[in-house]
Amino acid sequence: MSYLPKSVDVLVAGGGPAGLASAIALRRHGLSVVVADGAVPPIDKTCGEGLMPDGVEALRALGVTIPETQARAFRGIRFVNQKQRAEATFPAGTALGIRRIALHQTLADHAAAAGACLLWRAPVTGLHAEGALVGGELVRAGWVVGADGTASRVRRWAHLDAHRRNQVRFAVRRHYRVAPWTDLVEVHWARRCQFYLTPVGPAEVCVAMVSDNPKLRLDDALAESGELWARFGSAERTSSERGAVTVSRQLRRVCRGNVALFGDASAGVDAITGEGLCLAFRQSALLAECLASGDLARYQAEHARLMRRPAFMARLMLFMARHDRLRQRTMQVFESNPGSFAAMLSMHVGAGSASDYISSGISLGWQLLKA
């Protein structure tokens, strides 16, 4: 652990992408920031490694641009359900596939350049009336931010664990040396899981799988899909299989006193949406504004607003995942009317107005009734 400041405006517990994004946002408001984490960068984590256009834009708003050499652009999404296929391009913006460790290193470099104090091998070990304990030593802080993930200890210490909704699924991820065959991210719907195939380089694809079964392994699931097994079964593996949980969670409160939560510590949407990072980046900008003005009541209200669309999309996609006949009928509609899939993708990335979403939902529902 490097130099430990005795006093700071904001102490951020957790140095993942969420914590680093918050540090960048806080420094843009002139607040002094310490980020403390027990790990050593670059920090890896299981995820689909795709940044949707709204996530790329949220990073750009923080002054962070991903180097072209670190990412691969993709232009839209393709759904695959057995022989059924539907695809659409994003209505605006660029999406990126990027290795998680590359994203983390980029954010760490930006946070350090912005003047944040980054403490590695320095776990936050408790809250204190005057701040928090880092490695057992007191750091006085006006605000303490919990960015320490789904199993947040800050959330527990601050008695903010009470929730309205809490649903857990399981994800695994591995990389393969395979040249991308498309400039789309593919979502394959299978009997027991969903696969996300994201190009992350000129000769590398990230394969992520999400399911309700904690014992389901990637090779076993791939073997059940002739198409995917033919593509990846004998391909060179460029990383080991890595697992994680993905949580759909709605907390009753995300702040109390001088403690605020954000990112996966504050709420969660299932990985099926691919919106976790974008949410964290947007929450970081909001939280920085609210801490700079001392208005956590606004943060509580606006945090709930930011969650509505991703949470709705997560519920919709999980419903499709668990009802085979509905998914088949939905895919029939998407195939026969590509505009309906484009409208859903537009809603997914937050393009358009609330009235557009309602209109799209009514139209899709009507087409499903006729299918």
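Since every read-out is calculated from the coordinates, none of them should be taken as a lab result. Computed from a prediction, not measured in an experiment: that's the story for all the values here. Glycine gets a Cβ as well: all are built from the backbone with ideal geometry, and neighbour counts include every protein chain shown.
With the convex hull of the Cα atoms taken as the outline of region 96-248, the averaged projected area works out to 12.1 nm². The equivalent ellipsoid that matches the C-alpha gyration tensor of region 2-126 spans semi-axes of 33, 16, 11 angstrom, in descending order. If you fit an axis through the alpha-carbon atoms of helix 17-28 and take the longest principal axis of the Cα set of the chain, what angle between them do you get, 0 to 90°, nearest 10? Helix 17-28 and the main axis of the chain meet at about 50 degrees.
In a fully extended conformation the segment linking residue 183 and residue 133 would gain 13.4 nm over its present Cα-Cα distance, using 0.36 nm per residue. Overall, region 48-112 carries a charge dipole of about 360 debye about its Cα centre when +1 sits on the Cβ of Lys and Arg and -1 on the Cβ of Asp and Glu, all other atoms neutral. How high is the FRET efficiency from residue 241 to residue 85, r the C-beta distance, R0 22 Å, rounded to 0.05? Computed FRET efficiency for residue 241 and residue 85: 0.20. The gain in end-to-end length when the residue 65 to residue 300 segment is fully stretched comes to 81.7 nm, 0.36 nm per residue minus the alpha carbon separation. Measuring r between the beta carbons of residue 336 and residue 168 and using R0 = 41 Å, the FRET efficiency lands at 0.70. Shown here for region 1-105: chymotrypsin sites (Phe, Trp or Tyr not before Pro) in loop regions (DSSP other than H, G, I, E, B) with at most 10 other Cβ atoms within 10 Å, namely 3.
Run the dipole for region 296-352 about the Cα centre, Lys and Arg Cβ at +1, Asp and Glu Cβ at -1, nothing else charged, and hand back the magnitude in debye, nearest 20.
Numbers: 9 positive and 3 negative charges, 44 e Å.
The dipole of region 296-352 has a size of about 200 debye.
Sorted by mean Cβ packing within 10 Å, highest first, what order do the peptides 155-166, 91-102 take?
Details: 155-166: 15.0, 91-102: 19.2.
Result, highest mean first: 91-102, 155-166.
Each Lys and Arg Cβ is given +1 and each Asp and Glu Cβ -1; about its Cα centre, the chain then shows a dipole of about 900 debye. Just need log10 I(q)/I(0) for region 86-165 at q = 0.17, 0.18 Å⁻¹, Debye formula, equal scatterers on the alpha-carbon atoms, no solvent, rounded to two decimals. The Cα Debye sum returns log10 ratios of -0.90, -0.95. Estimated at 0.36 nm per residue, the fully extended path between residue 94 and residue 227 surpasses their Cα-Cα distance by 45.1 nm.
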